[in-house]
Each structure stands twice: as structure tokens, then as C-alpha cells.
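Please read the structure below before turning to the comments.
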Amino acid sequence: MSEPVTTTSATEEIKPPVSNVGVLGWIKENLFDGWFNTTLTLLTLFVLYKVLPPFVQWAFIDAIWSLTEGARPGGDGAVWAVIPENVRFILFGFFPEGQTWRPIAAILILFALVFYSKDLTNWNRFFGPIWTVGILVMGVLMYGGIFGLPVVETSKWSGFPLTLTLSLFGMVGAYPLGVLLALGRRSRMPAIKSLCVVYIELIRGVPLISLLFMSSVMFPLFLPEGMTIDKILRAQIAIILFTAAYIAEVVRGGLQAIPKGQYEAAESLGLPYGLTMRLIILPQALKIVIPPTVGILISAFKDTSLVVIIALYDLLKTTQVTLSNPKWMGFSTEAYIFLAILYFICCYVMSSFSRKLEKALHTGR
């Protein structure tokens, strides 16, 4: 019997062309796949060639990072010295200088709570109490009055702590209110449904600025003589009411996406309306609408800068006050770039948390 003939080349693994794998493959598939993509890629490279070198020259090479005493900024580069020279006022505004550690500690506690919340295994019976204690400690640090901390009136809360306060409590207050409004709009009771529809459409039909003006100027006119409500609290309520109307429509879309069979299955088990919503419908609906909900919350975080029109010194207002100093006039570009980076970091953290939450809950599968 003749022995079988084996060919070495037939048993070797045939590798794909180098141009179809690795970096070259990615570039070919994503940047030069067809004439349209190739044109866009070349146009983008041309724009970067024209814009990037001058920006690097202005922002880094010719930049001024610090100033000597009494010196006047000059030259063609960026004057980043406006940031370190005024960073305390930009971030903390009129908060007493010797007590700056208190808002810093409050912000660190907030970041720790957010980091704690990233792990879904921590969403247990201790989750709510931990957040409650953390928020109470933040309030004590900011206001004081106990444990030997001097009282700092809310009129001196400004800068980054004020922005975080308005956005944090705005999100916490608006989300459950928005869920209740969504449930009310889908209610079978005409009175409740009509009230929710009128509220949602009315709030969504006016800009946030109008609500802020009403809370700051018109609302105090209806209070009894001698009674006042803190300006920050009035702005906070306006932000909550405004954001809740948009969240309500997003949640309503999630409720409509739940198949009718889910409701029928709950009815067949004899579950009342409250248990049906809490155990079956809302967990599915809220998971579906995570992306648009986070989008609204990010928008609400950025909209807190509008409180500048009612004389609240948020992060934007403290920056504007800094630039009103004759020494720093003309260097608003650097200050607003710094401001944009801060907003971007905060928004990116929220967006990243949203993506991780979607992945953990297997949204879309």
C-alpha cells in the first residue's frame, strides 16, 4: 500500500492580507471605504492641518502660565494665568476663604457617593440610607451651625458647589416627579390625566428662563407679608418642575413600549395597580429609557448656568465676575475654555455611568 501524500502548504494556516487586519484594516474600513469616506477623511485632515498647529502654538508654546507681581499679561499666546490667579473665586465664589475646605469636602463626598453607586451590587437596602446620610453631611458642611462650624448663609453659596447643589437636587427631585406625571398621564381617571397633561404641556411650552424669573420675581408677590423663601430654594423648585415635565414624556414612552401582555399577566395574578407598576412595568420601562433620561439630566445640569440671570453666582457667574476685573479683561477665551472643560468632565462622568448602567442591566437585549 502506498503511503498518503501530505502537502505542507495545505496544513498551514492561511492568514488574511495585512491590509485587512490590524491598524491598516481599521483605517481602510473606517476612513477610506469608498469615495465619500475618503473625501471626508482628506477634508478632515486638511482642516486639522490648518487649525491644530496654530492652536497648539497659542495654547501651549506661546502661553503664559503665571505672572509676576504687578505684571500685565501680553503677547500672542494664551494667558492661562487667569485660572490659577482666580481659581478659588471661580470655584467657590463668596464662600468664606478660611472655610473653603468645607465645600471641597462636600464635593468629595458627592463624588464618593457617585463612585459607590457605580457598582450595582451596592444597590441594596443600605443604598438609600447611605445616600441620605451623605447628603445630610454635605448640607451640614455647607451651612454649618453645628459641631463648631460657623454658619454660612446660602447667599454666599456660589461657584461650583452651587452648580452641583442645583443639579444634584434637581435630578433627585425631578425624576420621581416625572415618573408620577407619566403614570398620571396614562391614568384612566379623567381628572388626574387632564391635570398631568395640562402641567406637562404647559411647562414644556415655556423656556426655563421664564420659570426662573417667575420664581425670583413673581412668586414672592404671592407670599404673606414678611414671609420670604430662600432664592436658591426658589430656583431649585423651578428647575425640578421644568425637568420633571421632560422626564415624564420620556418615561411615558417607556411605558408605551411595554407589551400589553405584561399588564395582562399581572392582572391574571391578581396584582393591584401599585404592585403591577412597582414590580413589573416600571422596572422594564425605566430600563428602556435610560439613554434619553440621562440625556435630559445632562441637559438639566448645563441649564443650571441660566440661574445667572436671577443673580445667583453659579460657576458661570463667578467666572464673569472674575473677567470684570480690569486686570483680566480681554482674556475671557482662556477662562471659558477652563469652564467648558469642567462642564465636559461632569457631563462625561454622567454619560459614562449611563453606559455602564445599560451594560449591567443588559438594556436592548
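The values are calculated or read from the model by the stated rules, or taken from the named source; none is laboratory data. As the structure is a computational prediction, the values presented were derived from the model and not from experiment. All Cβ positions, glycine included, derive from the backbone under ideal geometry; neighbour counts span all protein chains shown.
Assorted remarks:
Residue-wise test of (1) farther than 27 Å from residue 310 by Cα; (2) among the polar types (S, T, N, Q).
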| position | (1), (2) |
| --- | --- |
| 184 | yes, no |
| 188 | yes, no |
| 202 | no, no |
| 209 | no, no |
| 216 | no, yes |
| 240 | no, no |
| 257 | yes, no |
| 261 | yes, no |
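- Evaluated against (1) of a type in the set (Asp, Glu); (2) surrounded by 17 or more Cβ atoms within 10 Å (Cβ to Cβ); (3) out of contact with any helix residue (DSSP H, G or I) (no Cβ under 8 Å at 6 or more places or on another chain), residue 264 falls short on exactly one condition, (2).
- Residue check for residue 244: in contact (Cβ under 8 Å) with a residue 24 or more places away in the chain, touching a Gly at 6+ places or on another chain (Cβ under 7 Å) and within 17 Å of residue 306 (Cβ to Cβ): yes
- Check on residue 248, within 17 Å of the chain's Cα centre (by Cα), in a helix (DSSP H, G or I) and modelled with pLDDT of 90 or more: no
- Whichever residue in segment 79-124 is small (Gly, Ala, Ser) and in contact with a strand residue (DSSP E or B) (Cβ under 9 Å, 6 or more places away or on another chain) and, among such residues, is surrounded by the fewest Cβ atoms within 10 Å (Cβ to Cβ): 81
- Selection of segment 73-110 for residues being of a type in the set (Gly, Ala, Ser), in contact (Cβ under 8 Å) with a residue 12 or more places away in the chain and more than 21 Å from residue 136 (Cα to Cα) yields 75, 77, 78, 81, 93.
- Filtered by the rule that a residue be part of a loop (DSSP other than H, G, I, E, B) and either in contact with a helix residue (DSSP H, G or I) (Cβ under 9 Å, 6 or more places away or on another chain) or in contact (Cβ under 8 Å) with a residue 60 or more places away in the chain (or both), segment 24-53 gives 31, 32.
- Verdict on residue 62 being surrounded by 12 or more Cβ atoms within 10 Å (Cβ to Cβ), within 24 Å of residue 78 (Cβ to Cβ), of a type in the set (Asp, Glu) and at pLDDT 80 or above: yes
- Among the residues of segment 251-261, those that are touching a helix residue (DSSP H, G or I) at 6+ places or on another chain (Cβ under 9 Å) and either farther than 23 Å from residue 175 by Cα or part of a helix (DSSP H, G or I) (or both) comprise 251, 252, 253, 254, 255, 256, 257.
- Residues within segment 257-310 that are free of Cβ contacts under 8 Å to residues at least 60 places away in the same chain and farther than 22 Å from residue 347 by Cβ, tallied: 27
- Number of residues in segment 179-238 that are outside any helix (DSSP H, G or I), among the acidic types (Asp, Glu) and either within 25 Å of the chain's Cα centre (by Cα) or under 30 Å from residue 254 (Cα atoms) (or both) equals 1.
- In segment 264-328, counting only helices (runs of 4 or more DSSP H) that sit wholly within it, the ones holding 2 or more residues that are closer than 30 Å to residue 82 by Cβ span 290-303, 315-323.
- Hits in segment 299-347 - residues which are small (Gly, Ala, Ser) and either surrounded by 13 or more Cβ atoms within 10 Å (Cβ to Cβ) or modelled with pLDDT of 90 or more (or both): 299, 300, 305, 324, 332, 335, 340
- Residue match in segment 157-173 (condition: of a type in the set (S, T, N, Q), closer than 24 Å to residue 319 by Cα and not in a helix (DSSP H, G or I)): yes
- Selection of segment 218-236 for residues being without any contact (Cβ under 8 Å) to a residue 40 or more places away in the chain and surrounded by 17 or more Cβ atoms within 10 Å (Cβ to Cβ) yields only 234.
- Restricting attention to segment 276-332, the residues being farther than 15 Å from residue 254 by Cα, more than 22 Å from the chain's Cα centre (by Cα) and charged (D, E, K, R) number 1.
- Restricting attention to segment 311-341, the residues being over 23 Å from residue 154 (Cα atoms), touching a residue at least 24 places away in the same chain (Cβ under 8 Å) and in contact with a Leu (Cβ under 8 Å, 6 or more places away or on another chain) number 2.
- Residues (part of a loop (DSSP other than H, G, I, E, B) and exposed (fewer than 13 other Cβ atoms within 10 Å of the Cβ)) located in segment 348-365: 362, 364, 365
- Residue 171 vs. criteria over 22 Å from residue 247 (Cα atoms), modelled with pLDDT under 95, surrounded by 12 or more Cβ atoms within 10 Å (Cβ to Cβ) and out of contact with any His (no Cβ under 8 Å at 6 or more places or on another chain): no
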